[in-house]
Amino acid sequence: MPRILFRFWFSVMDVRGDGIFPDEVVIQILARLPVKSLFRFKTVCKLWYRLSLDKYFIQLYNEVSRKNPMILVEISDSSESKTSLICVDNLRGVSEFSLNFLNDRVKVRASCNGLLCCSSIPDKGVFYVCNPVTREYRLLPKSRERHVTRFYPDGEATLVGLACDSAYRKFNVVLAGYHRMFGHRPDGSFICLVFDSELNKWRKFVSFQDDHFTHMNKNQVVFVNNALHWLTASSTYILVLDLSCEVWRKMQLPYDLICGTGNRIYLLDFDGCLSVIKISEAWMNIWVLKDYWKDEWCMVDKVSLRCIRGMVPGIFPISQTGECVFLATHKQILVYHRKTQVWKEMYSVKYSSTLPLWFSAHAYRSTMFSCN
C-alpha cells in the first residue's frame, strides 16, 4: 500500500475507536489522492470501491484537480526507437505514463479535462480518445470523408481539438483543415469534421478561411464556453469554433496586448478563462479575458524574466493557474510560483532528445473523466 494511503488508513483507525470517519471527511481526503491510487485500492472497503462510480465524487475529484496544473510531454530518444510520456506535476513531481494499452504507436494531438486525443502514426485517419490514468480508451470510427479528397498539404488536419464537457459527460473531437480534390489545387475550402461521443459519429461542414498557424498555435487549443480557440500565426486574433452552433468566428485581441516588436504571444487556459501570455526580452505579461461576451481583457500579472534571461528566447508557457505557470524549454520544464515569485526546475532531459520538450508539450490535469 502506498505510504500516503497507509498513513491515511492508520489515522482513520487511530482517531476513532470504531475506525470510522464521517463519509464526507473521507471523501474530501480521497479526492486529493492520485487517480492511480484510488483505482488500485478499491478493494480496501465498499465505500472506496463505490467512489469510482459515484457522480458526486467524480465531480468533486475533477474540481479539485482543476487547481493542480500539469504538463504532459512526449519524449523520444535520439534513435526515435522509444517514446515515453511524462507528467510534470506541481504537487507530486514527475511521473511516467504509458499509452501501451492502445496497442498502437500514437502521438498526442490534444488534451482536455484529463482526456487525450491521439492519432495513429502508422495508420493515418485513425484516432483514439483515452484517459491515461484510468487506461480507458475509445477507438473513433473512421469518417466517411471520400478518399478522393484529403487535407492539404500533408494529408493531416491543420487543427485538432478535443472538447470535454465534464457537466454532461460527453466529448467532441474536431479535425479541421484545408482540403483539395485529388489532382487539383486547393480552393480555399476549410473542412471541419466533428465527432460526437453521444451519437458515435462524425458530421461535416465547410467554410472558407485564410488563416495560418504555427506549431505552438496548433498545440495550444483552449476549450471554454463550449467553444474551441486557436491563436493564429499573426497573433492578432483568435479563431473560435462555437460547438453549440458549429460556426467559426474571429476574436480580435486588444492593441495594448499585441503592440510592440519582438514579442511572442501564446494562448492558454486560466482557471476556466481564456488567457494570453506575452513574452518579451525582459517580461512575461499575463492577460485574462474577464468578460467573454464583451471581450474585456485585463493584465493580471507582470513577471520579470531577469533571472532566466539566457533561457528567454527558447521558453514557452504551456499551462497555468492563478498560483503558478509551467513553461518548457528545449530540455527543461520550469514552474514559476506567482505568490513567492520563485522559479524552479521540475524536469530536465538526461539524454539527447530528437525534439525540444516544448514541441510535444500539452497542458494536462488528472481526472476521472470517462471516454466510454
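The values are calculated or read from the model by the stated rules, or taken from the named source; none is laboratory data. The shown structure was predicted, so the numbers you read here are calculated from the model rather than taken from an experiment. Counting neighbours? That spans all protein chains shown, and the Cβs are built from the backbone with ideal geometry, glycine included. Side chains included, ligands, DNA and RNA excluded: accessible areas come from the protein's heavy atoms. Shrake-Rupley method; radii C 1.70, N 1.55, O 1.52, S 1.80 Å.
Structural remarks
- Selection of segment 229-255 for residues being part of a loop (DSSP other than H, G, I, E, B) and not charged (D, E, K, R) yields Thr232, Ala233, Ser234, Ser235, Thr236, Leu243, Ser244, Cys245, Leu253, Pro254.
- Residues satisfying the stated conditions in segment 196-222, i.e. farther than 23 Å from Ser143 by Cα and part of a strand (DSSP E or B): Val222
- With respect to the stated conditions, Phe205 fails to be at pLDDT 85 or above and within 26 Å of Asp269 (Cα to Cα).
- Matching residues, segment 348-362, being of a type outside the set (A, V, I, L, M, F, W, C) and either in contact with a Cys (Cβ under 7 Å, 6 or more places away or on another chain) or open to solvent by 40 Å² or more (accessible area, probe 1.4 Å) (or both): Lys350, Tyr351, Ser352, Thr354
- Residues located in segment 28-46, provided they are open to solvent by 20 Å² or more (accessible area, probe 1.4 Å), modelled with pLDDT under 75 and in a helix (DSSP H, G or I): Ile29, Lys36, Leu38, Phe39, Arg40, Lys42, Thr43, Val44, Lys46
- Elements of the type strands (runs of 3 or more DSSP E) sitting completely within segment 256-334 and holding at least 1 residues that are in contact with a Cys (Cβ under 6 Å, 6 or more places away or on another chain) and either open to solvent by 30 Å² or more (accessible area, probe 1.4 Å) or of a type outside the set (A, V, I, L, M) (or both): these cover 283-291.
- Subset of segment 335-360 (residues that are in a strand (DSSP E or B) and either of a type in the set (Val, Ile, Thr) or farther than 18 Å from Arg306 by Cβ (or both)): Val335, Val342, Met346, Tyr347, Ser348
- Screening segment 113-161 for residues that are among the β-branched types (Val, Ile, Thr) and in a loop (DSSP other than H, G, I, E, B) and picking the one that is modelled with the lowest pLDDT gives Val148.
- In segment 218-243, the qualifying residues are those that are polar (S, T, N, Q) and under 22 Å from Ala361 (Cα atoms), and the one that is least open to solvent (accessible area, probe 1.4 Å) is Thr232.
- Filter result for Val342 (surrounded by 14 or more Cβ atoms within 10 Å (Cβ to Cβ), among the aliphatic types (A, V, I, L, M) and out of contact with any Cys (no Cβ under 7 Å at 6 or more places or on another chain)): no
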